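Down below is the structure, laid out as structure tokens.
Read-outs: derived from the displayed coordinates by stated rules, not from any lab. Note that the structure is a prediction, hence the values are computed from the model and not measured. Here the Cβ positions follow ideal geometry from the backbone for every residue, glycine too, while neighbour counts run over all protein chains shown.
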């Protein structure tokens with residue numbers, strides 16, 4: 001059974017994590033915004049040791065997704081690994097780009113950028129690799145102990161993710177690779193309370209019949225060949 005899709009919560013969208021339409025506020029200072037967001041972060045060392053992370057990719061909000069895609073592919077040599085519509089108001093387009101066969105994307109371009117004050121912003125998210133589902137749960141526990149209260153677990157088919165904001169509302173993603181490639185974008189629910197074996201089985205059952213479903217190793221080898229042929 002395919003995992004049900006769900007719309008990201010309002011806090012994720014309001015913190016520059018996705019290009020949803022937001023109400024403008026004309027007299028909100030940067031400092032007041034910072035103070036408000038710091039209420040969810042105590043600045044204390046968590047009791048749980050956070051797992052090791054490795055930087056993976058960045059998401060950018062853009063005005064003209066075709067011009068930006070052309071720039072990064074034609075000038076900088078990245079290739080398009082996936083593209084599609086996000087299940088958000090207006091169905092904004094997202095394009096995934098990479099120059100590394102070990103990374104599905106190093107840059108994600110998301111249309112719908114807004115400029116001006118705290119309502120604008122370029123950064124969509126900062127994303128980090130984590131080694132295992134156990135480490136992903138430990139990260140959530142450590143973040144909770146540090147005062148973070150808002151989380152969004154999500155399955156992308158090729159990755160299991162946990163999203164949460166930093167003290168100023170920037171969106172952080174920590175994720176674990178699955179054994180498979182799944183065509184993106186996919187934004188399905190993820191229940192981290194389930195045992196690893198059940199999460200693995202549910203993920204395979206949900207996406208095994210979808211286009212481009214294949215072992216991650218096969219997809220990585222094909223991308224390496226595409227990059228070599230450029």
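Does a label point 7 Å from the Cα of residue 144, set along Cα-to-beta-carbon, have any residues of the stretch 41-73 with amide nitrogen under 13 Å, and which are they?
Only 47-48 fall inside the zone, counting backbone N under 13 Å.
Within 10 Å of each residue's Cβ, count the other Cβ atoms and sort 187, 210 from fewest upward.
If I rank by nearby Cβ atoms, fewest first, I get 210, 187.
Kindly provide the Kirkwood hydrodynamic radius of the stretch 79-143 in Å, to one decimal, from all pairs of distinct alpha carbon atoms.
14.3 Å
Ranking 173, 66, 168 by Cβ neighbours within 10 Å, fewest first, what do you get?
Lowest to highest Cβ neighbour count: 66, 168, 173.
So for the stretch 47-229, Kirkwood radius off the Cα pairs, Stokes-Einstein at 37 °C and 0.692 mPa s: how many µm² s⁻¹?
The diffusion coefficient I find is 189 µm²/s.
Can you work out the FRET efficiency for the pair residue 194 and residue 123, with r the C-beta to C-beta distance and R0 = 35 Å, to the nearest 0.05?
0.65
Treat the count of other C-beta atoms within 10 Å as a stand-in for reagent exposure and order 129, 105 from fewest to most. If you can, show how the numbers build up before the last one.
Numbers: 129 18, 105 22.
So the residues, fewest neighbours to most, are 129, 105.
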